[in-house]
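Here it is, the structure, as structure tokens.
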Amino acid sequence: LILRSDSMHTCDKAFRDSVYVPNVFAAFSIPEDTSCSNESVQFTNESEDANEYMWSFGDGTTGSEENPLHTYAGQGGSYNVNLIAVNNVHPGMSCTDTTSQTVYVYPIPDADFIPNKTGNPHDCSLPEEYHFANLTQGAESYSWDFYTSENPGEQTSSVNSPDFLYKEAGEYEI
């Protein structure tokens, strides 16, 4: 940009400066759009031509880091994450672009069960069968491992409340 100023007496002066016109583009990625409560989510900023960032994580918290690490505490839910990418071109002038994505956060299940011996509770002869009453809250699937000495790691079940037959006396971790 050149501004030329002339006076009536043929005196002139030229002034040169430049104008920068940004093309701000807001973008970010996350490794997965799902997480568990109390686990950190790494946001990777992929914005272009920006020098300031304003994040809203959808849970009432905000941030200004370029690539924030954010933890969703407490209950699960879906959170709309917004990023405003800013280019402060000149004092008092800025250009912005906004983008958003949804992050799904799942609650951590509360695992619990009660083992109940089936049949006569006073009969201690082998084999003994137990029913495992599942009291777990917040789970969608189950993975039981009965850890027996005969086939460690191979005595499993995915049933909600399974039954299991113990052929040897002992203490077993479930």
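The values are calculated or read from the model by the stated rules, or taken from the named source; none is laboratory data. From a predicted model like this one, the values you see are computed outputs, not experimental measurements. Ideal geometry is used to build each Cβ from the backbone, glycine not excepted, and the neighbour counts take in all protein chains shown. Just the protein is used for accessible areas: all its heavy atoms, side chains included, with ligands, DNA and RNA removed. Shrake-Rupley method; radii C 1.70, N 1.55, O 1.52, S 1.80 Å.
Select from segment 24-36 the residues that are in contact (Cβ under 8 Å) with a residue 60 or more places away in the chain, open to solvent by 40 Å² or more (accessible area, probe 1.4 Å) and of a type outside the set (F, W, Y) and list them in ascending order.
Within segment 24-36, D33, T34, C36 meet the criteria.
Could you tell me how many of the residues in segment 62-76 are under 20 Å from E32 (Cβ atoms) and polar (S, T, N, Q)?
Number satisfying all stated conditions: 3.
Does A169 fit the bill of being within 30 Å of V81 (Cα to Cα), open to solvent by less than 90 Å² (accessible area, probe 1.4 Å) and in a loop (DSSP other than H, G, I, E, B)?
no
While we're looking at this one, here's another question. Please find, within segment 67-92, the residue that is nearest to P31 (Cα to Cα) out of those that are touching a residue at least 60 places away in the same chain (Cβ under 8 Å) and aliphatic (A, V, I, L, M).
A85
Identify the residue in segment 37-47 that is open to solvent by 50 Å² or more (accessible area, probe 1.4 Å) and not polar (S, T, N, Q) and, among all such residues, is farthest from N87 (Cα to Cα).
E39
I want to confirm something. Restricting to segment 117-130 and keeping residues that are open to solvent by 70 Å² or more (accessible area, probe 1.4 Å) and in contact with a strand residue (DSSP E or B) (Cβ under 8 Å, 6 or more places away or on another chain), which single residue is farthest from E168 (Cα to Cα)?
Step by step, filter segment 117-130, then rank; the result is E129.
Can you tell me which residues in segment 48-76 are open to solvent by 30 Å² or more (accessible area, probe 1.4 Å) and part of a strand (DSSP E or B)?
Answer for segment 48-76, where residues must be open to solvent by 30 Å² or more (accessible area, probe 1.4 Å) and part of a strand (DSSP E or B): E48, E52, M54, S56, T62, L69, T71.
So is S158 of a type in the set (S, T, N, Q), exposed (fewer than 10 other Cβ atoms within 10 Å of the Cβ) and in contact with a Phe, Trp or Tyr (Cβ under 9 Å, 6 or more places away or on another chain) or not?
The answer is yes for S158.
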